[in-house]
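First comes the structure, then the notes that go with it.
Readers should treat all values here as calculations from the given coordinates under stated rules, not as data from a laboratory. What you see is a predicted model; the values in this text were computed from it and never measured. Because the Cβ atoms are built from the backbone with ideal geometry, glycine has one as well, and the counts that use them run over all protein chains shown.
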Amino acid sequence: MDDLRSLPPLQAVARIHRLVSQLNTWSRAYHIDDAPVVDDATYDAAYRDLEALEAVFPQLVRPDSPTRRVGEGPVASLTPFVHEVPMLSLANAFIDPKAADDAPREVRHADLFEFDKTVRKGLAADVQRGAEEPVRYAVEPKLDGLAMELVYVDGVLTAAGTRGDGEVGEDVTHTVRTIRNVPRTLRGDAPRRLTVRGEVVFPTADFEVMNLDRAARRLKTFENPRNAAAGTVRQLDPNAAAERPLAFYAHSVGLCEGYDLPSMHLDALAQFAAWGFAVNPHNRRCDGLEAVLDAIEALGALRPTLPWEIDGAVVKVEDRTFQDLLGFVTRAPRWAIAFKYPATLVTTVLEAIDVQVGRSGVVTPVARLRPVRVGGVTVTNATLHNAAFVAERDLRPGDVVWVKRAGDVIPRVENRLRSAEEDAAHAARPPWTFPDVCPVCGTAIEALQVITRAATTRREAEIGDGEKRICPNRFGCIDQLRGALALAVSRSAFDIEGIGETLIDQLVDRGLVRRLSDLFRLDVRTLAALDRMGDKSAAKIGDQIDKARDATLARGLVALG
């Protein structure tokens, strides 16, 4: 913090501008496009950097700063859903990465100790209780799904909406009605009006079966169960959603009129269960912080065996009267916090190192792994970032490597396993070298020296900028063309619905599209002749292309990359 105070104002403005822009871009990719581009740890580190800068320079806080809002607004294809009570997010707590594994709990869990201290201090000021008196908490698994609110009037489900920006989300009543464990009507005596909040999740076993089926049919597979849940709920056709086994777990109340809910949070959830909602069976009541830490550790040990993904544990003050007294800060309640588990590390064999070409021509190495389950998902590929990353760790095909899913999203190789036996085997393998030509089009790969800048996150410092390798064959390289087309038709660009990965493959493979402008030369007759494309679908895509001709300059620039 002291270092930031000495930062010249112009530099502070530039750093805040860059972080806000970066975080908002990442947030849109995660919340609206269901296609995260960074892991949670990278996002959280950048978010904390922005918070620290804004604390020192409050006069520079931008109105579009992500610290002043939650998530993103609704996408254009769904109607808005207004939350009667704001649906806020939670502050995060982490294990101190600098603390040794055998460090005392108050050192490793400094964030949770600070949270507990703040809660006890706040309650001591408002009610007759000592500042050292333990607080009763509820600890719940933090399901990694899509936040949802259900509205019941006189016991009947009338609406459902995503969290969105906390004030306005997306109305997805038509798909939520298809979720099998969402009650259409409540059992027993029901409130006059009730809004129930929870998480829509995709069970991991069903997710893997679905991905195998999609791969066999040459359809794009989902990155993880969270994306699958979000994509399914946002389907315009409820029949498509009905085919997938989503589940909803209630975790809190928004408002309740005409019924007196129990004052203790877990008792209120028991009432939800009586009405017919699924409530997580691993919720626990804890007296004091030490019991909370025990519950978090026990839940972490169960994590690999759970039927759905969790990325942490939520800690809440159990007494709902105390929750009201503690209140809220700008974007989160003072009475709850989300503890994030460190990413799970596993070992597997690095079977090969391939390279892939992105839409901008950057050629990056990719690890092909012996299939291994990491955080509930089978991983076969992982990022290796750049040539320098591979060289510094001296990774060679055949090595046993440590793998984790950073932020429980993006698989990555951390390093190779070190032991006398593994080191001897490693030394006998030939070093891996970056190819001289593009594996897709055969063009000579060029080295591009990146201008070094100060790393803004710890992960950036680990992987570095270094030297990028690029294929300069902009539109002659098929993989670059595929990537450019995928960007051009995306929601943030020309927003041409109906042109997905499978259709792009056909357009490129048949030579129908060789550059972006060829998209606008496609006619309905040409589209209808493609595989799995009927006249009706072709006509819809033709209409979408015609609408895209009037795209704004901003969308056009995004489409050009």
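Some observations on this one:
- Rel. contact order, % - alpha carbon contacts under 8 angstrom, at least six apart, the stretch 60-185: 34 percent
- Estimated from helices alone, the mean residue ellipticity of the chain at 222 nm is -10000 deg cm²/dmol (sum of -39500 (n - 2.57) over DSSP H runs with n ≥ 4, per residue).
- Across LYS220/LYS316; LYS121/LYS404; LYS220/LYS340; LYS220/LYS540, pairs whose alpha-carbon gap is larger than 27 Å: LYS220/LYS316; LYS121/LYS404; LYS220/LYS340
- Convex hull (Cα only) mean projected area of the stretch 88-175, reported in nm² to one decimal: 9.6 nm²
- By the Cβ distance rule of under 4.7 Å, the chain has these cysteines without a partner: CYS256, CYS286.
- The value of relative contact order for the chain, using C-alpha pairs under 8 Å at least six residues apart, is 13 percent.
- Partners for LYS547 among lysines (Cα-Cα distance below 19 Å; same-chain residues under 8 apart left out): LYS536
- Across the stretch 287-442, the relative contact order, built from alpha-carbon pairs under 8 Å that are at least six residues apart, equals 18 percent.
- Building the convex hull from the alpha-carbon atoms of the chain and averaging its projection over directions returns 28.5 nm².
- Normalised by 2.2 N^0.38 Å, where N counts its residues, the alpha-carbon radius of gyration of the stretch 153-282 equals 1.14.
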